[in-house]
Amino acid sequence: MYSLRRRLLTTATILLLLFLGGMTFALNRAFEDSVLSNAEDNLRNQILLLIANIDVIEGELMVPNALPEPRFAQMDSSLFAQISRSNSIQEDAAASENKSTNNSSNPPSVLWRSPSLLDMQLPTMDSSVGVFSFTKRLDWREQPASFATSLTLEWQTDDGVMPLTVSVAEHSSNYTKRLRRYQRQVSFGLLLTGGVLIALLLASLGWALKPLQRVTRQVAQIEAGDRERFDEDYPIEVSRLTQNLNQLLNFDEQRITRQKEVLGNLAHSLKTPIAVLKGLKYSRDVSVDAQRQLETMQSIIDYQLQSASTVGRRRFARPIEITEITRQMVNTLQKLHADKHIDCELDIAEGVLFFGDQGDWMELCGNLLDNAFKWTSNKVQVRVRNLEGDELDVDNSRRKNIQLRVVDNGVGIDDQLKATIAERGVRLDSQTPGHGLGLHIVKGIVYAYSGDLTITDPLEHKGTCFTVVLR
């Protein structure tokens, strides 16, 4: 059986994790795009700053020793710059159409390199005149991946146009560190937010499901007999349920009470006419037959009344203590059969409860005891136990099944009749002497409680053992 609270919590947690995962991905992607954009803008600014500080005099590139960006002059810097001269504008145009062929045949000449490059050289990067070309990943000479930007420009000199390509590269480690730090912060923040949200979700579920938990407690209390009805001061979604349950309980009690009243009235109404018929004088020819038919009518009426008065298994039946009731029935039968000096061993476990009608237990136990005392030689054993519901795999109720075992050491019952009596759905209309009406009633009560009736031989192979399990 699944828990509604667990089901809601699991569903909400999965949705929350999916939402937080999607948000983490979106935030990281947005920040990564921001980092790339920042790197591109920074490199563009470095190119523009470098162009502003260079000059071409008599066909030679002049670069000051002290540049505005000091990292170009640092040996362990992560920022690099290079200025190269393209062979011609036409060749650059051709290179854009056939990059690999043109670059391999006519590589540009390097005019200047920043001191941070040492003896290294930036790889050739294609760019169009006046257009910045940004590269997200530049791998060169086993150095860490770098961002790079290049710009091709036409420098006007007295001798004509000089095509120059200015390239600036920067190690991506600084940006990667920023990105990883941001990812850790975002992950920690979202995990913390998720934990807080789950805690709030637990609290809200507990508050929202509190009425259902209250209904569950009251069901247990009604099953245990500590209360008779459900409260009705519940939220709208639950109040209709409790009101209907209360109406059902009221209807059930009224039906049982009315049924008993009707049966009592019927028994009282039939008692007098039958007594009158028994008191009439019949002719010698019909007297025996009339008495036999009247006795049969009385037996049938008694049986039908007893069967119809059986309440049966009720979900919200109040539990009853059966120890004293059973002991009184045993004492009464011992007095009735005092001449047989019957040794009755009564074994009732402590705290045994019967979730049903007291009259049903008295009829069930009384008929089995009466049958045992009637047919035993000198010994009867009575054993009553509560069985856990999961022992018999019946349902998830907190109730316990009750087991009644009555054993006598009498003549026993024929094996064929044992199977017939125990078989569910078989009627015992033909009353076997000594095992007639009483076992009819027992069988009806057992089936009314969705129970089981088994008839076996005792271990001594003498007598009969009746075992009844009521649910």
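The values are calculated or read from the model by the stated rules, or taken from the named source; none is laboratory data. Quantities reported herein were computed from a predicted structural model and do not represent experimental measurements. Using ideal geometry, Cβ is built from the backbone for each residue, glycine included, and neighbour counts are taken over all protein chains shown.
Values computed for the structure shown
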read-out	value
Out of LEU8, LEU15, LEU67, sole residue that is out of contact with any Pro (no Cβ under 6 Å at 6 or more places or on another chain) and touching a residue at least 60 places away in the same chain (Cβ under 8 Å)	LEU8
The range 452-470, residues that are over 12 Å from LYS418 (Cβ atoms) and either surrounded by 20 or more Cβ atoms within 10 Å (Cβ to Cβ) or at pLDDT below 85 (or both)	PRO458, LEU459, GLU460, HIS461, LYS462, GLY463, VAL468, VAL469, LEU470
Criterion (assigned by TED's automatic domain parsing to the domain that holds TRP112 and part of a loop (DSSP other than H, G, I, E, B)) met by exactly one of LEU67, LEU50, LEU36, LEU61	LEU67
Single condition LEU48 does not satisfy, out of (1) at pLDDT below 90; (2) surrounded by fewer than 17 Cβ atoms within 10 Å (Cβ to Cβ)	(1)
Residue check for LEU118: surrounded by 18 or more Cβ atoms within 10 Å (Cβ to Cβ) and modelled with pLDDT under 85	no
Filtered residue count, the range 349-365, keeping only those that are modelled with pLDDT of 85 or more and among the small types (Gly, Ala, Ser)	1
